[in-house]
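Notes follow once the structure below has been shown.
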Amino acid sequence: MKVFVSHSTKDIHIVEEFKKIIEPKVEVYVAAYDAQPGNVLWEKIETNIKKSNCVVAIMSKNGSRSEMVQQEIATAKTHKIPVVPIVEEGVVLKGALVGIEYLKLDKRHPDQTLKKASTYLKKLKKQADNKFIGSFILVVLAIIMVSQFGE
């Protein structure tokens with residue numbers, strides 16, 4: 001499972017804490033750690049959002065004002081990729097996040113919220129793994145049936 005983290009660059013310390021908690025059980029993608037000099041930044045971001053199973057949006061005061069964060073959330077929604085908002089106290093959600101359930105972020109103690117997010121993402125990963133296993137079993141059964149009828 002791959003998680004894209006949408007955030008303001010001013011909140012990289014929160015992202016680093018999140019990565020420590022969730023990895024290696026879940027792959028965490030942070031654009032700032034994937035330097036591709038000479039390439040178009042938005043293409044890199046959009047490609048990795050599309051490859052992700054989920055977007056975690058760090059909606060701090062900085063993140064909620066970031067046009068890039070808003071664009072990343074809109075891209076995820078367009079491609080029907082779930083967005084899990086982590087919202088700092090006092091931030092009012094707008095646009096695509098209105099009405100979406102979120103986790104409250106206390107910036108003085110982000111580890112508690114990030115652990116809750118980690119638990120939820122591990123649950124999503126298990127569901128995705130089970131869905132993959134179920135699909136794999138169906139494919140194997142279909143191959144067996146086709147091979148038996150083909151003889």
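Only a single criterion out of (1) aliphatic (A, V, I, L, M); (2) under 13 Å from the mean Cα position of the chain (by Cα); (3) buried (at least 18 other Cβ atoms within 10 Å of the Cβ) is not satisfied by Val87, namely (2).
Scanning for something among the hydrophobic types (A, V, I, L, M, F, W, C), closer than 21 Å to Glu89 by Cα and modelled with pLDDT under 95, does the stretch 34-54 turn up at least one residue? No, that holds for no residue.
None of Val92, Val55 is touching a helix residue (DSSP H, G or I) at 6+ places or on another chain (Cβ under 9 Å), under 23 Å from Pro24 (Cβ atoms), free of Cβ contacts under 8 Å to residues at least 60 places away in the same chain and not basic (Lys, Arg) except Val55.
Could you check, for the stretch 33-55, whether at least one of its residues is of a type in the set (Phe, Trp, Tyr), within 28 Å of Lys115 (Cβ to Cβ) and over 15 Å from the mean Cα position of the chain (by Cα)? The answer is yes; a qualifying residue exists.
Taking the stretch 1-27, which residues are at pLDDT 90 or above, assigned to a loop (DSSP other than H, G, I, E, B) and more than 15 Å from Cys54 (Cβ to Cβ)? Residue satisfying the conditions is Ser8 alone. The combined condition, being surrounded by 15 or more Cβ atoms within 10 Å (Cβ to Cβ), over 20 Å from Gln71 (Cα atoms) and either out of contact with any Ser or Thr (no Cβ under 6 Å at 6 or more places or on another chain) or in contact (Cβ under 8 Å) with a residue 12 or more places away in the chain (or both), is not fulfilled by Lys25.
In the stretch 28-52, the qualifying residues are those that are more than 13 Å from Glu72 (Cβ to Cβ) and in contact (Cβ under 8 Å) with a residue 24 or more places away in the chain, and the one that is surrounded by the most Cβ atoms within 10 Å (Cβ to Cβ) is Val28. Just so you know, in the stretch 46-66 the residues that are part of a helix (DSSP H, G or I) and of a type in the set (Ser, Thr, Tyr) include one that is farthest from Leu105 (Cα to Cα), and it is Thr47.
Within the bounds of the stretch 67-80, is there any residue that is polar (S, T, N, Q) and in a loop (DSSP other than H, G, I, E, B)? No, the stretch 67-80 contains no residue that is polar (S, T, N, Q) and in a loop (DSSP other than H, G, I, E, B). The condition of being surrounded by 13 or more Cβ atoms within 10 Å (Cβ to Cβ) and modelled with pLDDT under 90 holds for only one of Lys61, Lys107, Lys94, that being Lys107.
The values are calculated or read from the model by the stated rules, or taken from the named source; none is laboratory data. Being a predicted model, the structure only gives us computed values, none of them experimental. We place every Cβ from the backbone using ideal geometry, glycine too, and count neighbours over all the protein chains shown.
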